[in-house]
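The values are calculated or read from the model by the stated rules, or taken from the named source; none is laboratory data. Not measured: the values here are computed from a predicted model. Note that each Cβ is placed from the backbone with ideal geometry, even for glycine, and that neighbours are counted across all protein chains shown. These area figures cover heavy atoms from the full protein model, side chains too; ligands, DNA and RNA do not enter into them. Shrake-Rupley method; radii C 1.70, N 1.55, O 1.52, S 1.80 Å.
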Amino acid sequence: MLIPSGSENSQGLKRNTECLESPELQTPSSFQDNPLQQLQLASQEVLEKAKKSGRSKCPRCSSSRMFYCYTCFVPVETVPTKEIPVVKLPLKIDIIKHPNETDGKSTAVHAKLLAPDDVTIYKYPCIPEYEEKRHEIALIFPGPNSISVKDIAFHLQKYAKKGVCDSDDDCSREPFLKQAKIEPEEEKNLNECISSNRSEGTRLKKIIFIDSTWNQTNKIITDERLQGLLQIELKTRKTCFWRHQKGKPDTYLSTIEAIYYFLVDYHQEILKENYKGQYDNLLFFFSFMYTLIKNAKCCAGKE
Ligand SMILES: [Zn+2]
């Protein structure tokens, strides 16, 4: 659920900034007040209607839900799938959810609903083996070895050059025959390195996010299947998430915010293209719910 952005978080919680919920700390500027206002979003009329009619049934499990079913990852009956925008992503996203994380609180499902072809949600400990694909995968996690988005291409290139055996440790465990077998693959990787000098960064094919509380994340990150993956740290950004976790700075992003900001940076810094709102609709549900909750709080304050 919470993904720290910025490097200051990896060294502990030095910053103790207040969250958006403290009105006295908000700057009058409309962008600071609500960064979601600038988004280019599809019409949210369908959500307005669904809100008015209240909870509806999940077409799969028949549970009563608002907007979408967070266990089946499908919209409810009052929200026709065709009225929900579809976002095409430049790479695949795996989200690893901690089983203890309350499903209804997670924004990870937004990503699956809005980019169904590119997003897969796994419930820990059921996660894929990533070892063979280390040269084209990265994990969003701030830590002592994490790098910034703009350096992804450079670091993945190193993985590719070294092939699957990226550490002495791994190589010594592999029998010689297996090493010999992967040689053509290594050669291919090297060729890719040379040919991709101009299109650097296109090699990243998948990015992994961990969807859990920060304490649970630390348990998942030590899983051996996630060892040796390139770790990425996001730029510092402030969250708009209404379920702010006590004691955590407002630079801890909700999962959908982290995904969104990663893609914006990836688009500009790796794909080197102008950002024109291509991924804004990933915040289709998030921005709607944000406004709902903000208005509700405003009303409560006036009474
Ligand atoms: Zn369901």
Ordered by residue, what ³J(HN,Hα) values in Hz, to whole numbers, does the range 80-95 give under the Karplus form 6.51 cos²θ - 1.76 cosθ + 1.60, where θ = phi - 60° and Gly and Pro are x?
x, 3, 5, 9, 9, x, 10, 9, 9, 9, x, 7, 8, 10, 9, 10
Averaged per residue, what accessible area in Å² does the range 44-172 show with a 1.4 Å probe, protein chains only?
48
Which percent of the accessible area of the range 221-303 is formed by carbon and sulfur heavy atoms (probe 1.4 angstrom)?
50
Residue-wise HN-Hα coupling along the range 280-286, computed from phi with Karplus coefficients 6.51, -1.76, 1.60 (Hz; x: Gly, Pro):
4, 5, 4, 9, 3, 6, 4
Which net charge results for the neighbourhood of Cys58, defined as the other residues with beta-carbon distances under 13 angstrom from its beta-carbon, given Lys and Arg at +1 and Asp and Glu at -1?
+2
Using a basic spin-label model with each label point 7 Å from the Cα along Cα→Cβ, how many nm lie between Glu48 and Lys205?
4.4
Among Leu292, Gln227, Cys240, flag the residue with its Cα farthest along the positive direction of the charge dipole of the range 197-303, charges on Cβ as +1 for Lys/Arg and -1 for Asp/Glu.
Leu292
Quick one: which residues, 5+ away or cross-chain, put their amide H under 5 Å from the amide H of Tyr252? H built at 1.01 Å from N.
Ser5, Thr239
³J(HN,Hα) across the range 248-262 via Karplus (A = 6.51, B = -1.76, C = 1.60, θ = phi - 60°), whole Hz, x for Gly/Pro?
9, x, 6, 8, 7, 8, 5, 4, 5, 5, 4, 4, 4, 5, 4
Can you give me the solvent accessible area of Lys150 with a 1.4 Å probe, rounded to the nearest 10 Å²?
120
Quickly work out the Gln268-to-Glu131 label distance, labels modelled 7 Å from Cα along the C-beta direction, and quote it in nm with one decimal.
3.9
List the residues, sorted by chain then number, that are 5 or more residues from Leu139 or on another chain and whose placed amide H is less than 5 Å from its amide H.
Ile208, Leu230, Gln231, Ile232
Could you report the range 249-303's accessible area per residue, 1.4 Å probe, as an integer in Å²?
39
Computed magnitude of the charge dipole of the range 85-142 (debye, nearest 20; Cβ of K, R +1, Cβ of D, E -1)
200
